[in-house]
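The values are calculated or read from the model by the stated rules, or taken from the named source; none is laboratory data. Just so it is clear, the model here is predicted, and its values are computed rather than measured. FYI the Cβ positions are ideal-geometry reconstructions off the backbone, even for glycines, and counts take in every protein chain you see. We work out accessible area using only protein heavy atoms, side chains counted, and drop any ligands, DNA or RNA first. Shrake-Rupley method; radii C 1.70, N 1.55, O 1.52, S 1.80 Å.
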Amino acid sequence: MHDVPDPAPGPYDVVVRVEACGICASDLHLLHGEMPAPVPPPFTMGHEPSGVVAAVGSEVPVWREGDRVSVAAGKACMACSSCASGLLDECRNPQIMGFHYDGAWAEQLVVPFYALAALPDAVPFEHGAIACDAVSTPFAALVDRGGLRPGERVGLWGIGGLGTHAVQIARLAGASFIAAVDPLPAARERALALGADVALDPADDVPGAIRDATGGRGLDLAVELIGKSAAARQALSSCTRGGRVVLVGQSFESLDAGPIILLSVIGLSILGHLGYTKRHLEDVLALMASGRLDVSGSISDRLPLDRVAEGVERLASKEDAPVRIVVTPQA
């Protein structure tokens, strides 16, 4: 841990006093060299923050010191043709917090004002932090990219930080059947407790088990959340005619999806997915505030800032199958 100068806001920026920030598997990919750093170090990591507005720039509208906020984990590049047209959600070179610019494993964070989302009083800071990826990303993947419709059958590969919430979101969205796939017994038990109909070990015949459980029909929507090609192949093999497979997990593994004619004849869709929009984050926070989306069981531990390395190691080792370990810089 290093001391750096306190950030100062530009005219359209806000300084946030960070109250909580999650530790994510994508942080591990960067630290372990599995994902190239888009900018040279040193930089501050962490992309799931919530906190309190500490200072506002001279041209910032609405936001004031003391406001409780969650902070979206990215910003527009403001240099591409989409940004020049005001289409910030369609930025061609989106910048990710903790990867392209300093993140929230810190006491303070500076972000553009449009990255802020009001954090309802009913939502604790820790929940508002993990909303900024661990919940909003699977929400966007299922409801938007995957187009989940009530009554559909859903399969989820990887029941960690994203997959745990994917189970809950699939239930909220009206899935008639949910299969959860994970090698860890504790993760499978967690999925069943949250409402999955079956929880399967990927070492077993997952497509066969899913077809048995669905009367031979298979899945309408499969979501791969860990970046494993073997999991993606299982997801494809588990789908019914016209099924969709959404790839959320990130890695440089190659994907052999099988003969093209099979995908064509069966009509399968393979869809890549990254992150979420501000609208997704706002929707997730509203669901949390209403009590319909309860993530109180998702905070596996809380650590002060000077123990963030310990949290990274625990997530990497999968000790006790954590959902989210949260850093609390003000503790």
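Is region 56-79 home to any residue that is crowded, with 17+ Cβ neighbours inside 10 Å, under 21 Å from Ala309 (Cα atoms) and either among the small types (Gly, Ala, Ser) or free of Cβ contacts under 8 Å to residues at least 12 places away in the same chain (or both)? There is at least one residue in region 56-79 that is crowded, with 17+ Cβ neighbours inside 10 Å, under 21 Å from Ala309 (Cα atoms) and either among the small types (Gly, Ala, Ser) or free of Cβ contacts under 8 Å to residues at least 12 places away in the same chain (or both). Restricting attention to region 99-158, the residues that are in a helix (DSSP H, G or I), open to solvent by 30 Å² or more (accessible area, probe 1.4 Å), of a type in the set (A, V, I, L, M, F, W, C) and more than 16 Å from Ala170 (Cα to Cα) add up to 2.
The residues in region 184-242 that are β-branched (Val, Ile, Thr) and closer than 14 Å to Leu268 by Cα can be counted, and the count is 2. Of everything in region 11-59, what is closer than 18 Å to Tyr276 by Cβ and not in a strand (DSSP E or B)? Give them in sequence order. Scanning region 11-59 gives Cys24, Ala25, Ser26, Asp27, Gly46, His47, Glu48.
For region 137-154, a residue qualifies if it is out of contact with any strand residue (DSSP E or B) (no Cβ under 9 Å at 6 or more places or on another chain) and closer than 18 Å to Asp89 by Cα, and the qualifying residues are Thr137, Phe139, Ala140, Val143, Asp144.
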